[in-house]
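In what follows, a structure is listed as structure tokens, so that the remarks can point back to it.
Taken together, the values in this text are just the output of simple stated rules run on the coordinates, not laboratory data. Source: prediction; values computed, not measured. Ideal geometry is used to build each Cβ from the backbone, glycine not excepted, and the neighbour counts take in all protein chains shown.
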């Protein structure tokens, strides 16, 4: 019987002391922040707190936090074991409060998805409880690092925490002792399959149920605003800057927006993976159009840099060996599209010009909500979208747009544009999903 990866079966060295607490140790965290911490090489251990799902606890717990990163290039796989996660704990219990009160903990990182920043979310409640415990012990300063796809994610985290404790001593503590640097993260990390786990077992010679698959490319840009100590992440390729906004806008409006387009327009045409949708001429033409619209209002450096960025995205996404599922990208569209599509659409409206590619993505999302197609709808705002599938197109579009932003739902001209595209996509004429 094959042994399972753990600190007892793999020579990983001593368990590093916990100096980082991370909320949400899913596949992306393992492929990105934990991997950077490992490669920094200065002995910072991570205490990983699960959120609503116990999957990470069940995968990582018996392995003492060890797991494999399987880097999948166009031609071959490379495997490396990461040992930076020192503890894996159920974040729904008292663990978060106790950990955040420890004076040796100097950094908190988060990958809780866009939905985790909504007022009253479980992630925010856990942070507030832990921060209050830390305040009472007069512990050292703390840096909280959001690694989710949100504009000004550090500022958003700070704003939501302060709003939840306004007028209290905790608010004063957050202002005086904590910093919230904004960041930009990028590394495609598709869901791990049983076949991937078998490959890891063959390369490693032992079983690893927590392995993650990722691409060779990785980016981490951080605002250089740390109140306490931090790992030497720059040794692993992280970049510390004074302003992350140009990097952030480029990623959200080109990479993430492009991913959403591939998901909502590619899957109904029979594609399951990113590389398949990219190779579809009809989808690709609309991706290029979306990028042109976004670049017009990007304000993130010379257009030549943005063009090269898009070319690099195409090279990365064409990797047929990286099975990045469109279903994974399509989840939680009501949160993702606010950051990926709405800013470009709003800028175009202010400039008095059309943004037909943005409109088409919104229409594709609404068709996705209305259809029993290849993508099962997974959205944390599904209760607010419950009327979209059974309503006539016009009211359905207005309701869906209103979930993205109230002013969009009230814009009759925009609703009419999106409704027209929904009718076309749901129909049987040229350009419809039925005519693929």
- Message: Suppose only helical runs count, i.e. DSSP H with n ≥ 4. What mean residue ellipticity at 222 nm does that imply for the chain under -39500 (n - 2.57) per run, divided by all residues and rounded to the nearest 500 deg cm²/dmol?
- Response: -12500 deg cm²/dmol
- Message: Taking the 0 to 90 degree range and rounding to the nearest ten, how far is the long axis of helix 303-317 tilted relative to the main principal axis of the chain, both from C-alpha atoms?
- Response: 80
- Quick note on 249, 410, ordering by fewest other C-beta atoms within 10 Å, gives 410, 249
- Exposure proxy check on 314, 223: fewest-to-most Cβ neighbours within 10 Å is 314, 223
- Query: Sorting 317, 282 on the 10 Å Cβ count, fewest up front, what's the list?
  - Reply: 282, 317
- Helix 356-370 versus the longest principal axis of the chain: what is the Cα-based angle in degrees, 0 to 90, to the nearest 10? 80
- Degrees between helix 342-351 axis and first principal axis of the chain (Cα, 0 to 90, nearest 10): 50
- Prolate/oblate/rounded call for segment 322-375, Cα gyration tensor, a/c under 1.5 rounded: prolate
- Query: What fraction of the DSSP beta bridges in the chain is antiparallel, stated in percent and rounded to the nearest 5?
  - Reply: 30
- Query: Taking springs between alpha-carbon atoms closer than 10 angstrom, which of 377, 88, 353 fluctuates most in the Gaussian network model of the chain?
  - Reply: 353
- Note on the structure: Mean Cβ-within-10 Å packing, highest first, puts peptides 114-127, 255-268, 180-193 in the order 255-268, 180-193, 114-127
- Rounded Å value of the spacing that divides the Cα centres of segment 255-310 and segment 318-391: 13
- Rounded, prolate or oblate: which fits segment 278-400 when a ≥ b ≥ c are the square roots of the eigenvalues of the alpha-carbon gyration tensor, with rounded for a/c under 1.5 and prolate only if a/b beats b/c? oblate
- Sort 398-409, 50-61 for me by packing, meaning the mean count of neighbouring Cβ atoms within 10 Å per residue, highest on top. 398-409, 50-61
